[in-house]
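The values are calculated or read from the model by the stated rules, or taken from the named source; none is laboratory data. Remember, it's a predicted structure, so these values are computed and weren't measured experimentally. A quick note on method: Cβ atoms are made from the backbone with ideal geometry, for glycine too, and the neighbour counts reach across all protein chains shown. Ligands, DNA and RNA are stripped out before the accessible areas are found, and what is left, the full protein with its side chains, is counted by its heavy atoms. Shrake-Rupley method; radii C 1.70, N 1.55, O 1.52, S 1.80 Å.
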Amino acid sequence: MADQELHLFRDVLDKQMVDRNGRRCGKVDGLVLRTGEGPPRVARIEIGSGTLARRLSGRLARGMAALSRWLGIRGGRPYRIPWARVKEVDLNVALDLDADDSQLDAAERWVRDRVMSHLPGAR
Amino acid sequence: MKKLGDMALGILTSVGGFLEIGSLVTSAQAGARFGFQLVWAVLLGGLCLVFLVEMSGRFAAVSKHTIPDAIRERFGFTFFLAPLLALVGVGVMVLAAELGGIAIAAELATGVDRRVWVLPAALLTWLLLWKGTFAVIEKGVAMLSLITIGFVVAAVAAHPRWKEVAGGVVPSAPDHDKAGYWFLAVAILGASISPYLFFFYSSGAIEEKWNRGHLGMNRAVSGVGLGFGTAIAASVLVLAGVVLRRAGLRVEDYRELPRLLTDLWGRWGFWLFVASLGIACLGAALETALAKSYIVAQGFGWNWGEDQRPLEDARFSFTYSAFILAGAVLLLCGVDVLKLTNLAMALTAVSLPLCIAPFLLLMNDRRYLAEHRNGWVSNLVVAAVVGLALVLALVTIPLEIVGG
């Protein structure tokens, strides 16, 4: 990405993400910074129901994580996207990733494979 | 040339899609109980909706965002939850009422109890979404809904005293049942100013890839289309004000509704009414289910779109399936459809500020709309009508609940 200033809350958090193929793959649910030498830098984007829930309440976050673990979605862990994978931040946050190849779309795939594909006429 | 065709289509679908069980029941009750005195409420609600839909289309075309997507992006997830929960909660009631409308139409047509028709109505709605595309749904059913123009014809044929109707354009105090009058005013406003409609509209604009070049068409569709749609709802009120008032009916029972057209047109009127009710409610059920699902999917960033195969946007299709099921279950609990409709419309009016306040802020945000931000007129009309609706709702809903 170009050398510029980025307003994290205004322009990144809660923004729509799209993958390499332009497919929508969630919104930025959380941002993780890394401190240490120099000013803090953005380490990664986090997504997942647990991350989202933590913005409301810690107990809810633990509940959502337990639910995700029980359903088998990423073992209840949030999905972490290293900042290096962000191609650009414009209308959407464009990622250098394939939603299908990664655990990014785990929840979507779960609903698709475990629920919707069993309904008549799905294919 | 294609744009002209698209515009005509957009206008027709807006006209057809306006009337549904909410506006039908509230307008009929208003006409039956208060004559033409509540015409102003229908017109005011319609005016506000025209502004909101125009804004919604402009927002999508210029910012390339849908409204729920933008609300979360701009105000954060925590804030977004408030309108989300309100819309979903009230939305299930609205959807149940629309399914109830379909079931009532089927009962009137066949004589078989409406509770039998709840699941078939839900299944039909679901199948159309599962198997259909945006074209079939938005255009097909809405075009069929043009049958509701019959109410306009009937209103004229009923020879109302037009001077009296004109008098109803100005708000006036009723001489009886003040609480009931104002509650109906709120319900009418909630029926007209449907957040599902303008959220749905912004999704449609994105799906059809609107840009700045579509702004003129957007104005035409919202102004002309919804203007005519409002006229249809007003016609139901006028018709009820003549026909039902004369018969001394209060429309507390849905079986009184076909009288709107049977007095004038006998058997033909009956079948016209049944078809109008069934089709209009089916269209509204589809739209409400989709709109709620769009709000959820767009707020969470999922893949969405009616033109995609259901498995390509599994969480989105799961969402609308769940909503339809919830609506059907609510209906199967045996709730009175008319009472449910009135309550759903009134609660919609209460929840409007929660959805419209962020939307108005977005409409004035340079980063989303650049030079196409709202002018003061749009801001004023919407803020005033929604503010009025809220105040009235907060006063009248408790009274109505206490009064029975």
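Give me the summed buried accessible area for the B-A pair, 1.4 Å probe, to the nearest 100 Å².
Separately minus together, B and A give about 2600 Å² buried.
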Need the C-alpha centroid separation for the range A:76-107 versus the range B:353-367, integer Å. 29
Partner shielding of B:57-66, as the mean number of partner chain Cβ atoms within 10 Å, equals 1
Report the convex hull volume per residue for the range B:131-290, counting only C-alpha atoms, in Å³. 145
Mind checking which helices in chain B clear 20 Å along their axis (Cα) and have mean Kyte-Doolittle hydropathy of -1.0 or more, DSSP H runs only? B:2-18, B:39-63, B:77-110, B:114-131, B:178-192, B:259-300, B:314-332, B:337-363, B:376-403
Rg/Rh over Cα atoms for the protein assembly as shown, Kirkwood Rh, comes to 1.00
What are the semi-axes of the equivalent ellipsoid of the range B:92-174, taken as the square roots of 5 times the eigenvalues of the Cα gyration tensor, listed largest first and rounded to whole Å? 33, 18, 15
Scale the Cα Rg of the range B:222-365 by the rule-of-thumb value 2.2 N^0.38 Å and send over the ratio, two decimals. 1.31
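State whether the range A:40-109 is rounded, prolate or oblate according to the following rule on the C-alpha gyration tensor (a ≥ b ≥ c being the square roots of its eigenvalues): a/c under 1.5 gives rounded; otherwise a/b larger than b/c gives prolate, and the remaining case gives oblate. Numbers along the way, then the final one.
Details: a/c = 2.46, a/b = 1.47, b/c = 1.67.
It is oblate, given that a/c is not under 1.5 and a/b is not larger than b/c.
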From the C-alpha gyration tensor of the range B:205-249, square roots of 5λ in Å: 38, 9, 4
Note on the protein assembly as shown, DSSP bridge orientation, antiparallel percent to nearest 5 equals 90
Can you bin every Cα-Cα distance in the range B:315-394 into 5 Å intervals starting at zero and give me the percent of pairs per bin, rounded to whole numbers? 3, 13, 14, 14, 14, 15, 13, 9, 4, 1, 0
Given H placed on each backbone N at 1.01 Å, which residues far from A:Met17 in sequence or on other chains put an amide H within less than 5 Å of it? A:Cys25, A:Gly26, A:Lys27, A:Val28, A:Val93
Can you pull the three principal axis extents for the Cα set of the range B:134-218, in Å, largest first? 51, 30, 24
Between the alpha-carbon centers of the range B:272-291 and the range B:204-243, tell me the distance in whole angstrom. 16
Which angle from 0 to 90°, rounded to the nearest 10, does the C-alpha axis of helix A:58-71 make with the longest principal axis of chain A? 50
Round to a whole number: what % of the accessible area of the protein assembly as shown belongs to carbon and sulfur, probe 1.4 Å? 62
Using alpha carbons only: equivalent-ellipsoid semi-axes of the range B:45-184, gyration tensor based, whole Å: 31, 27, 19
Here the Kirkwood hydrodynamic radius of chain B, Cα-based and in Å, equals 20.9
Across peptide B:74-83, what mean number of C-beta atoms from other chains lies inside 10 Å of a residue's C-beta? 3
Any idea what log10 I(q)/I(0) is at q = 0.18 Å⁻¹ for the range B:179-222, Debye with uniform C-alpha scatterers and no solvent? -0.63
Starting from a Cα-only point model with no solvent, please compute log10 I(q)/I(0) by Debye for chain A at q = 0.14 1/Å. -0.67
Counting only heavy atoms of protein chains, what accessible area per residue, in Å², does chain B have with a probe of 1.4 Å? 36
The range B:1-82 - Rg and Dmax from Cα coordinates, angstrom: 17.4, 47
Using a Debye calculation, one point per C-alpha and no hydration shell, please list log10 I(q)/I(0) for the range A:1-72 at q = 0.18, 0.28 Å⁻¹ in order. -0.87, -1.24
